[in-house]
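The values are calculated or read from the model by the stated rules, or taken from the named source; none is laboratory data. This one's a predicted model, so the numbers in the text were calculated from it and none came from an experiment. Reconstructed Cβ throughout: ideal geometry from the backbone, glycine too, with neighbour counts over all protein chains shown. What goes into the accessible areas is simple: the full protein's heavy atoms, side chains included, and nothing from ligands, DNA or RNA. Shrake-Rupley method; radii C 1.70, N 1.55, O 1.52, S 1.80 Å.
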Amino acid sequence: VGETTKEITRYDGHGFICWDFPGRNDEVSYFTMECVAFLKSLSKRLILIQSTIKESSGLMKLLDANDLNYTVVVNKFDRVDKDEQDPFKNQIKMEIQAMGLKGVEHVYFLSAKKP
């Protein structure tokens, strides 16, 4: 809370590279030619959220406008009460539909305890 990535940051994994992208759902920071070119150059795009699609809707709309596909990853899904997990999944799916997001390829719900 209170912190955000200020520049594109590279993290090397085993057989992949993860890039952390700046911004806090602020469309203005995404509309540079450099950022759009960078997003187009990626082979896969994962957008990490915790509670709502609205957290990153600006970035998703930018990707949609450039006909780029992406996967949504809902982090810390294990923190949602068991009886609320299905309604929460439905909420995420309804938000995607309501916003008309067309580039979403997959939605994954990940546990922080059991990755």
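Descriptive notes on the structure:
- Solvent exposure of the chain, expressed per residue, is 70 Å² of accessible area, with all protein chains present and a 1.4 angstrom probe.
- Charge dipole (debye, nearest 20) of the chain; +1 at Cβ of Lys and Arg, -1 at Cβ of Asp and Glu: 220 debye
- Reachable lysines from residue 102, criterion Cα separation under 21 angstrom, eight or more residues apart if same chain: 40, 44, 54, 61, 89, 93
- Value in Å of the Kirkwood radius, where region 51-115 supplies the Cα pairs that are averaged: 12.4 Å
- Dipole-positive endmost among 47, 109, 96 within the chain (Cβ charges, Cα centre): 109
- Relative contact order of the chain: 23 percent, from C-alpha pairs under 8 Å at least 6 residues apart in sequence.
- Once the chain from residue 7 to residue 93 is taken as fully extended at 0.36 nm per residue, the excess over their C-alpha distance is 28.0 nm.
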